[in-house]
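Just passing along the structure, written as structure tokens.
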Amino acid sequence: MDEWNTFTGRLLWAMKRAGRTNQSELARAVGVKPQSVQYLLRADAGAQGSKYTPALAQELAVSSRWLATGEGPPDQIDLLGPHAESKAAAVYAIATGMRAKVTGTVRVSGTGDVERIDLPAGESDGHVLMPLHAPGAHALRVKGNALAPYAKDGQYLLLDAEAEWHPEENLLITLADGRVVLRELLLVRVDTLVVLPLHGGQPEALERSAIKAVVPVVCAVPRSLWRPEEP
């Protein structure tokens with residue numbers, strides 16, 4: 001592709017593919033001023049790269065080597081450094097192309113109570129590439145930073161109602177009284193689930209008769225794996 005011949009072209013291509021065309025949001029995620037991203041995207045500036053290229057590549061789920069030089073495939077994400085596990089997951093997601101529809105948003109309070117807003121049935125706000133095999137999964141976009149560092153504002157929770165429950169995993173629990181809470185599972189008993197608030201506190205036993213539905217949270221998905229719906 002001709003647009004890959006320049007750093008500006010590669011950066012713009014990566015931003016479009018990742019659905020990250022908001023320059024101010026990308027700058028904030030990388031930790032630079034919006035003017036810096038604007039400069040890198042100016043065709044007449046002739047930018048040859050930036051010391052923030054690795055951070056930009058991580059946010060956009062592309063190879064920092066490809067972004068800097070145009071060499072190698074764009075999806076060959078660097079599997080080194082403190083984020084190796086998440087990068088490996090991104091490689092898997094991009095390679096397999098498995099996707100989950102984004103069906104709504106979720107905001108979690110400090111106590112773990114959840115405000116969930118679902119889109120009308122059949123509608124979605126794009127999809128996320130999945131870093132694992134979960135055919136029945138769907139995703140919710142996180143609003144706010146109450147779940148940080150597990151999931152930050154603008155990232156996604158991948159939920160799979162068909163997945164099995166395991167201790168130390170997070171569960172989205174709908175109670176019979178209509179409340180929705182996010183809890184860590186400690187123990188499964190015949191009549192109760194013993195759970196823990198996400199930010200610590202005392203374990204609590206939820207009677208199964210007081211539970212309407214339980215959906216395991218499979219993982220958090222970075223914004224770079226979001227894709228718009230194809231027309």
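The values are calculated or read from the model by the stated rules, or taken from the named source; none is laboratory data. Quantities reported herein were computed from a predicted structural model and do not represent experimental measurements. Cβ atoms come from the backbone with ideal geometry, glycine included; neighbour counts cover every protein chain shown.
Can you find a residue in segment 136-154 that is among the β-branched types (Val, Ile, Thr) and within 30 Å of Ala61 (Cα to Cα)?
Yes, there is a match, as at least one residue in segment 136-154 is among the β-branched types (Val, Ile, Thr) and within 30 Å of Ala61 (Cα to Cα).
What are the pairs with Cβ atoms under 9 angstrom where one residue, in segment 148-171, is under 10 Å from Pro222 (Cα atoms) and the other, located anywhere, is loosely packed, with under 11 Cβ neighbours inside 10 Å and modelled with pLDDT under 80? Sequence gap at least six, or different chains.
From segment 148-171, no pairs qualify.
Name the strands (runs of 3 or more DSSP E) wholly within segment 131-231 that hold at least 1 residues that are over 27 Å from Arg20 (Cβ atoms)?
170-175, 180-188, 192-197, 204-207, 211-221
Still on this structure, please answer the following. Would you pick out the residues in segment 10-49 that are without any contact (Cβ under 8 Å) to a residue 24 or more places away in the chain, over 21 Å from Val128 (Cα atoms) and either of a type in the set (Ser, Thr, Tyr) or in a helix (DSSP H, G or I) (or both)?
Scanning segment 10-49 gives Ser24, Ala27, Arg28, Pro34, Gln35, Ser36, Val37, Gln38, Tyr39, Asp44.
Shifting gears a bit: When only residues in segment 211-231 that are exposed (fewer than 14 other Cβ atoms within 10 Å of the Cβ) and touching a strand residue (DSSP E or B) at 6+ places or on another chain (Cβ under 6 Å) count, which is nearest to Ala137 (Cα to Cα)?
Ala213
Quick one: would you say Gly144 is surrounded by 15 or more Cβ atoms within 10 Å (Cβ to Cβ) and either closer than 21 Å to Ala29 by Cβ or assigned by TED's automatic domain parsing to the domain that holds Gly178 (or both)?
yes
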